[in-house]
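Enquirer: My structure is below; once you've seen it, I'll send some questions.
The values are calculated or read from the model by the stated rules, or taken from the named source; none is laboratory data. Note that the coordinates shown come from a computational prediction; the quantities given were computed from them, not determined experimentally. Glycine gets a Cβ as well: all are built from the backbone with ideal geometry, and neighbour counts include every protein chain shown.
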Amino acid sequence: MLRRLMLSPTLRPFLLIILLLVLWDLAIRIFSIPAYLIPRPEQVVGQLISEWSRLLNESWKTTQATLGGFALTILFGIPVAMVIAYSKLVESYVYPLLVFSQSIPKIAIAPLFVVWFGFGILPKIISAFLLGFFPVVVSTVMGFKSVEPDMLDLARSMGATRLQTFLKISLPHALPAIFSGLKVSITLAVVGAVVGEFVGSNSGIGYVLQVANGNFDLPLMFAALVVLSSIGVILFLAIDVVERLMIPWHASQRQLF
Amino acid sequence: MLMPNAPLIEARGVTKIYQTKDGPVESLRSLDFSIRDGEFVSVVGPSGCGKSTLLKMVAGLLGVTAGSLTLAGQPIEGPQKDVGIVFQSAVLLAWRTVLDNILLQAEIRRMPKAEALAKAQKLIAMAGLEGFEGKYPWQLSGGMQQRASICRALLHDPSVLLMDEPFGALDALTREKMNLELQRIWLESKKTVLLITHSIPEAVFLSDRVIVMSERPSSIAAIYDIDLPRSRTLDMMGTPEFSVYAKKVRSHFYAQGSLDH
Ligand SMILES: Nc1ncnc2c1ncn2[C@@H]1O[C@H](COP(=O)(O)OP(=O)(O)O)[C@@H](O)[C@H]1O
Ligand SMILES: [Mg+2]
């Protein structure tokens with residue numbers, strides 16, 4: 001029974017986390033690392049417990065900014081990718097520009113968003129959007145372009161309209177690629193939201209991180225990092241669930257099918 | 001409407017030139033042939049000689065550069081209603097079951113649902129796919145996938161079946177089996193079949209006539225009538241008559257190089 005529990009796939013990551021915590025604790029003891037460099041795990045857990053309601057509150061704000069940016073990513077990224085995939089002309093104009101814009105470090109321009117959009121949630125959303133946008137576009141373009149030419153010829157031979165071809169063939173075909181882009185994008189959107197909170201905000205996990213950093217409150221900082229990663233993991237898993245529901249036929253999902 | 005044995009597909013001086021970045025590429029040069037209603041015709045030729053191009057032009061997926069190509073007396077312009085296509089790979093949709101893949105043809109052509117379903121079930125029975133209607137393509141062997149794609153090509157009851165190396169990806173044993181089944185389907189349905197293949201035995205075994213193409217820019221090197229009785233058996237492949245036909249076809253490729261694929 002215990003053996004079964006230990007081997008269950010959902011529990012495996014947690015087992016690994018416990019193992020890492022033990023190693024972390026051991027390393028601090030063995031190498032006598034001072035607490036101002038790395039806090040001890042129990043200090044971090046202590047902060048997680050005592051600051052629980054504040055961390056929960058701030059993480060909700062970060063989550064909102066992340067989801068806002070992610071919604072923009074879906075709303076703009078997928079249509080832009082579709083246009084790029086369908087038009088060589090648009091691709092030749094837009095794609096290089098996209099790659100160029102992606103190479104700009106977002107942290108460097110994040111302060112500008114504050115100047116433009118104020119201290120509210122908007123600059124955070126924009127920052128989350130900008131970080132999450134690119135992977136979705138790249139994988140969606142790839143998804144739409146990888147439809148076999150024979151498949152398209154077949155549809156044409158049946159007299160399919162462009163809309164029919166899109167709905168019945170291209171879109172379902174592109175979904176697995178779109179989802180893999182969305183999964184990368186959601187974790188980057190979390191980072192984007194935090195970047196937004198770093199530069200101009202008085203709320204969110206990014207703000208907690210910054211305050212903790214200023215006060216040399218390492219346990220709080222680590223606690224905030226744990227919460228932040230948890231947000232990323234939970235959102236990622238949520239997309240994973242949607243993916244399973246939407247593309248049960250895909251090779252990556254077959255064991256569950 | 002058509003006279004018996006009237007030409008169903010007719011090509012007169014059909015030429016295809018592709019416009020590419022590196023300039024025009026002449027793929028087919030002045031083809032003349034005609035295919036009668038109900039006839040089984042194969043096209044063999046070296047790789048890259050324009051066989052797929054020819055098939056796509058007959059399907060109306062590609063325009064001809066010069067010459068005239070007609071189906072039942074009408075010039076072929078744009079995708080044809082009365083044609084079904086089978087490609088080298090089965091091109092089944094991974095997210096649809098076998099039955100739903102076959103019904104794709106009906107959905108896109110907006111055929112009446114009940115009628116299409118009845119027709120699909122008949123074809124499934126004919127192709128020996130009973131019990132697999134609810135399976136997904138990845139659960140099927142290559143041969144079964146290709147049978148499903150043949151069913152899909154026949155769902156709207158076209159008078160012409162176009163096949164582009166349909167069995168090229170199958171192993172030799174499955175291929176022979178599929179050849180037998182294709183002959184049976186053809187004998188039952190009396191469709192006009194244009195089969196592209198790079199297997200000389202396959203072409204001789206199945207066809208009423210074999211069109212042999214030359215290297216690029218390709219034209220028709222020869223057309224052979226295959227006067228072997230129907231229905232043919234695999235054992236006939238060992239007979240002297242069969243060998244004579246195969247040898248005739250093969251001689252073209254030894255003269256010009258090889259049938260590399
Ligand atoms: N869309 C295209 N654009 C330019 N050239 C093409 C195109 N399709 C085929 N070709 C050329 O036409 C020739 C014939 O191709 P294809 O019909 O596919 O030959 P086969 O089916 O006999 O192997 C090849 O040389 C190929 O490079
Ligand atoms: Mg070909």
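Enquirer: From the list B:LYS21, B:LYS16, which one is of a type outside the set (Asp, Glu), within 16 Å of ligand 1 (Cβ to nearest atom) and more than 14 Å from every other protein chain (Cβ to nearest Cβ)? Give the steps one after another, and end with the answer.
Expert: On the way: B:LYS21 fails: more than 14 Å from every other protein chain (Cβ to nearest Cβ).
On inspection, the qualifying residue turns out to be B:LYS16.
Enquirer: Separate question: Residues to consider are A:VAL233, A:VAL194, A:VAL241; find the one that is in contact (Cβ under 8 Å) with a residue 40 or more places away in the chain and either touching a helix residue (DSSP H, G or I) at 6+ places or on another chain (Cβ under 7 Å) or more than 13 Å from chain B (Cβ to nearest Cβ) (or both).
Expert: A:VAL194
Enquirer: Do any residues in segment B:154-179 that are more than 26 Å from B:GLN80 (Cβ to Cβ) have Cβ atoms under 6 Å from those of residues that are within 16 Å of ligand 2 (Cβ to nearest atom) and part of a loop (DSSP other than H, G, I, E, B), where the two are at least six apart or on different chains, and which pairs are they?
Expert: B:ARG175/B:PHE167
Enquirer: Still on this structure, I have one more. Return the residue satisfying two criteria in turn: it lies in segment B:56-93 and is under 23 Å from A:SER170 (Cβ atoms), more than 8 Å from chain A (Cβ to nearest Cβ) and surrounded by fewer than 20 Cβ atoms within 10 Å (Cβ to Cβ), and of such residues it is modelled with the highest pLDDT.
Expert: Looking at residues that are under 23 Å from A:SER170 (Cβ atoms), more than 8 Å from chain A (Cβ to nearest Cβ) and surrounded by fewer than 20 Cβ atoms within 10 Å (Cβ to Cβ), I get B:LEU62.
Enquirer: While we're looking at this one, here's another question. Are there helices (runs of 4 or more DSSP H) fully within segment A:115-203 with at least 1 residues that are within 21 Å of A:LYS61 (Cα to Cα)? List them.
Expert: Filter on segment A:115-203 gives A:122-145, A:171-200.
Enquirer: Please pick out the residue among B:LEU123, B:LEU154, B:LEU129 that is of a type outside the set (S, T, N, Q), within 14 Å of another protein chain (Cβ to nearest Cβ) and out of contact with any Asp or Glu (no Cβ under 7 Å at 6 or more places or on another chain). If you could, list the steps in order and put the result at the bottom.
Expert: Working: B:LEU123 fails: within 14 Å of another protein chain (Cβ to nearest Cβ); B:LEU129 fails: within 14 Å of another protein chain (Cβ to nearest Cβ).
Criteria check complete, one pass: B:LEU154.
Enquirer: Within segment A:135-153, work out how many residues are surrounded by 19 or more Cβ atoms within 10 Å (Cβ to Cβ) and more than 19 Å from A:LEU175 (Cβ to Cβ).
Expert: 1
Enquirer: I would also like to ask the following. Looking at (1) small (Gly, Ala, Ser); (2) more than 26 Å from B:SER30 (Cβ to Cβ); (3) surrounded by fewer than 18 Cβ atoms within 10 Å (Cβ to Cβ), which one does B:SER199 not meet, given that it meets all the others?
Expert: (3)
Enquirer: Does B:GLN121 fit the bill of being outside any loop (DSSP other than H, G, I, E, B) and in contact with a His (Cβ under 7 Å, 6 or more places away or on another chain)?
Expert: no
Enquirer: As an exercise: evaluate A:ALA35 against (1) at pLDDT below 90; (2) in a helix (DSSP H, G or I) and give the number of the one condition it does not meet.
Expert: Tallying (1) at pLDDT below 90; (2) in a helix (DSSP H, G or I), A:ALA35 fails exactly one: (2).
Enquirer: Quick one: which residue in A:SER146, A:SER157, A:SER170 is under 30 Å from B:PRO158 (Cα atoms), touching a Gly at 6+ places or on another chain (Cβ under 9 Å) and more than 10 Å from every other protein chain (Cβ to nearest Cβ)?
Expert: Step by step, each of A:SER146, A:SER157, A:SER170 is checked, and only A:SER170 is under 30 Å from B:PRO158 (Cα atoms), touching a Gly at 6+ places or on another chain (Cβ under 9 Å) and more than 10 Å from every other protein chain (Cβ to nearest Cβ).
Enquirer: Anything in segment B:177-218 that is of a type in the set (S, T, N, Q) and not in a loop (DSSP other than H, G, I, E, B)? List them, or say none. Give the steps one after another, and end with the answer.
Expert: Pass one, segment B:177-218, residues of a type in the set (S, T, N, Q): B:179, B:183, B:189, B:192, B:197, B:199, B:207, B:214, B:218.
Selection gives B:ASN179, B:GLN183, B:SER189, B:THR192, B:SER218.
Enquirer: Show the residue pairs that are 6+ apart or on different chains and have beta-carbon atoms under 6 Å apart, the first residue being within segment B:42-60 and farther than 14 Å from B:LEU161 by Cα and in contact (Cβ under 8 Å) with a residue 60 or more places away in the chain, the second being aliphatic (A, V, I, L, M) and more than 8 Å from ligand 2 (Cβ to nearest atom).
Expert: B:VAL44/B:ALA203; B:VAL44/B:VAL212; B:GLY45/B:MET213; B:PRO46/B:LEU259; B:CYS49/B:MET213; B:GLY50/B:LEU28; B:LYS51/B:VAL43
Enquirer: Name the pairs whose Cβ atoms lie under 9 Å apart, with the first residue in segment B:123-143 and touching a residue at least 60 places away in the same chain (Cβ under 8 Å), the second small (Gly, Ala, Ser), and 6 or more positions between them or separate chains?
Expert: Once the first residue is touching a residue at least 60 places away in the same chain (Cβ under 8 Å) and sits in segment B:123-143, its partners that are small (Gly, Ala, Ser) give B:MET126/B:SER189.
Enquirer: I'd like the full set of residues that are small (Gly, Ala, Ser), farther than 25 Å from B:GLN183 by Cβ and under 16 Å from the mean Cα position of the chain (by Cα), limited to segment B:48-80.
Expert: Result: B:GLY50, B:GLY60.
Enquirer: Assess whether A:LEU218 counts as being of a type outside the set (D, E, K, R) and at pLDDT 95 or above.
Expert: Judged against the criteria, A:LEU218 is not a match.
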